[in-house]
Amino acid sequence: VHIRELTDTAKYAGFVETSKTLLPLLPNFVSDSEPTVRQMFVQQLHPLAQYVVESGGEQGQQQLLGTFLPFAFELLVDKNVEVGTAALQTLNKLADLVPAGQVETQLLNVVVTLAHDDRAEDYRSVAAQLFDDLAPKFGENLCLTVVLNEVKLLANDASFTVRKTMASHLGNIAKVIGPQAAVERLLPIFLALCKDDVWGVRKACAESIVKVSEALTPEARVNHLVTAFKALSEDSSRWVRVASFQILGQLIHTIRREDISPMFLKIFIDMAFQSEGGDSDFAEYCAFSFPGVAQAIGKERWRELDESFGTLLKDVQWRVRKSLAYSLHEIAQVVGQDIAEKSLAPAFELFLKDVDEVRLGVILNVDKFFAILSPATRERYIPNLCYVPIESENWRLRNVIASKLGDLAKLVPTKVASECIAEIIMKLLEDSVTEVRTSTYHSCAKLLMHLHNSPQYSSFLERVIELSQRQTFQGRQMFAYIFQQIVELEGFAVLGEKDLLEHFVSLASDKVANVRYVVARVLSNSCNNNPAVKNNTKLKTITKALSDDLERDVASLAVAQLPRLGNPHQAAAYRNS
């Protein structure tokens, strides 16, 4: 039997034959000399056990407890690390199949035995992890009566590896036993581990402090964890300090409903200035967590963050600036219009002049950022944004801007949209990269709809119609794709039928087959499968005409029965077989 096909073979053979013939072969895989075989076998244990349990009733349950669980536990302490890791994942899945009445005898008692095994520290480390992983399965009562006592022993184990594993795996237990018991019985264990003599154990505490924090009472977070964190952040080991600062933003977020003291906040703020002292990673952690911390303390306390924001904004590392650029809109949503205009809009302007990695971050969410700003401020910064694709050689950057222009048009007066955004759309329609042009069709259609009923509409409409009359066939194809986007945006009845349809219809008899092919694509992808459009007489007429086209591809595509497009924004990128 091939290991990868164990479950399929069992399903094919049926439960009775599997029990009789297949299951007796399994011990051979457990004791196989090749680690890869043992690893593949343990990965197959859960799906195979699931089938046996589902199809075998009471007998299947007995095989789960008597065959599958013992195999998983045996491979859990395999000498090969990959096999042990795979067995741990499998055991967590198998645990879900164990009936509640069997949890203590079949799961918990075995983990307790591992926890007391003095032969190898690996056994006790695995037990430390399993107590936490399986805590939801053990439930509150068993965790309180059995697990916590074992946790206390393992947290005081002679092996620092065991203590380190225990320090990393307390979050689930804390959650299962509830806030009060977590404070009274688990928190003292955690706080003791925070002061362990070995820096690796203290580092594990720093890495798991957020999970522990989430399970405690608000008072305990403020009264105990803040003090513990401060000590870890000032630890003699740089590795402990780094781990602390990495999670500080998340920790502040977990205690946001409580009063975050200026002293605690200062630890976070000081990270912004660490680049000057040579600890460049700290500034990156600070930038990454900045939106979460801003949200935790609220806009009322922005002045406490303002200086550190200004420092991060000018950090020499582009990764720090990139992190802020990607989250500028999130910070704006927290602080509101006034602060956004005073502190964040100048940052936006700087980011637009930065390296491409930073510019891309701020442009990806520019519409969300602009939505926070006042109309006057949006108007002021739109030209800066429109200038980026003109001077950028990075097509991905131009593509993101091309995809955003339609949404930005709605955020500014029609006069600004027609002067600035319309110009850049017309330029991007001529871009040398297909992806950029494809994104621009959608924005062009959105702009047309935004300008509709405005004094600026007719002049932009003329420029779009002019594409249908271009000497180059690519220009005429562009018009067809823009018409398609109008249809997809449900703009056919609003302006498509009255202002664009006759020009689209004329392209159905274009002398260039490639143009007729695009018209056929638009018909089959967006018109003839669209209840709002498909009964239009002129569209029916050109569908019939194209179905008789001398080019076979055009004729077959015109009458193809196709579903609506999954991503209509990118309609021009679809390829029909």
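The values are calculated or read from the model by the stated rules, or taken from the named source; none is laboratory data. Quick caveat: nothing in here was measured; it's all calculated off a predicted structure. So basically every Cβ, Gly included, is an ideal-geometry build from the backbone, and we count neighbours across all protein chains shown. For accessibility, only protein heavy atoms count, side chains too; no ligands or nucleic acids. Shrake-Rupley method; radii C 1.70, N 1.55, O 1.52, S 1.80 Å.
Let me know the shape class of region 465-520, please: from the alpha-carbon gyration tensor, a ≥ b ≥ c as square roots of the eigenvalues, rounded when a/c is under 1.5, otherwise prolate if a/b is greater than b/c, or oblate. Since a/c reaches 1.5 and a/b is larger than b/c, the shape of region 465-520 is classed as prolate.
Once you sort the root eigenvalues of the Cα gyration tensor of region 486-577 as a ≥ b ≥ c, which label holds: rounded (a/c under 1.5), prolate (a/b larger than b/c) or oblate (the other case)? Oblate, because a/c is 1.5 or more while a/b does not exceed b/c. Each Cα pair under 8 Å and six or more residues apart adds its sequence gap; the mean of these over the residue count of the chain is a relative contact order of 5 percent.
Put a dot 7 Å past the Cα of residue 532, heading toward its Cβ, do the same for residue 374, and the two dots end up 3.6 nm apart. Between residue 118 and residue 300, the contour length at 0.36 nm per residue exceeds the alpha carbon distance by 59.9 nm. For residue 301, the solvent-accessible surface with a 1.4 Å probe is about 50 Å², rounded to the nearest 10.
The calculated FRET efficiency for residue 109 paired with residue 12, based on their beta-carbon distance and R0 = 35 Å, is about 0.45. Region 492-571 and region 299-371 have their alpha-carbon centroids 44 Å apart. To the nearest 10, the accessible area of residue 503 is 40 Å² with a 1.4 Å probe.
Of the listed residues 395, 302, 239, the order by accessible area with a 1.4 Å probe, largest first, is 239, 395, 302.
Accessible surface comparison of 85, 18, probe 1.4 Å, protein chains only, largest first: the order is 85, 18. Here the gap between residue 21 and residue 314, fully extended at 0.36 nm per residue and compared with their Cα-Cα distance, gives a gain of 98.5 nm.
For residue 387, the accessible surface of its heavy atoms amounts to roughly 130 Å² (probe 1.4 Å, protein chains only, rounded to the nearest 10). The amide H of residue 549, built 1.01 Å from its N in the peptide plane, has 555 as neighbours under 5 Å, considering only residues 5 or more places off or on other chains. Of the residues 113, 161, 472, the one with the largest accessible area comes first in the ranking 113, 472, 161, computed with a 1.4 Å probe on protein heavy atoms. Annotation: lysines with alpha-carbon distance below 19 angstrom to residue 175 (same-chain offsets under eight excluded): 137, 152, 211.
Take the chain with all the other protein chains still there, run a 1.4 Å probe, and you get 45 Å² of accessible area per residue. Size descriptor for region 1-158, Kirkwood hydrodynamic radius: 16.2 Å (Cα pairs only, one decimal). When the pairs 368/538; 93/164; 353/427; 230/353 are compared against a 30 Å limit on Cα-Cα distance, 368/538; 230/353 fall above it. Taking the protein heavy atoms of region 260-403 in the context of the full set of protein chains, the accessible area attributed to carbon and sulfur is 51 percent at 1.4 Å. For region 47-161, the share of accessible area belonging to carbon and sulfur comes to 49 percent (1.4 Å probe, ligands and nucleic acids excluded). Hydrodynamic radius of region 1-52 by the Kirkwood approach over all distinct alpha-carbon pairs: 11.0 Å. Spacing of the modelled spin labels on residue 454 and residue 395, each 7 Å from Cα toward Cβ, amounts to 3.1 nm. When peptides 320-329, 52-61 are sorted by average Cβ neighbour count within 10 Å, with the highest value leading, the order is 320-329, 52-61. Please report the relative contact order for region 270-361, taking Cα pairs under 8 Å with a sequence separation of at least 6, and give it as a percent rounded to a whole number. About 29 percent, as a whole number.
Considering only Cα atoms, the convex hull volume of region 351-461 works out to 87 Å³ per residue.
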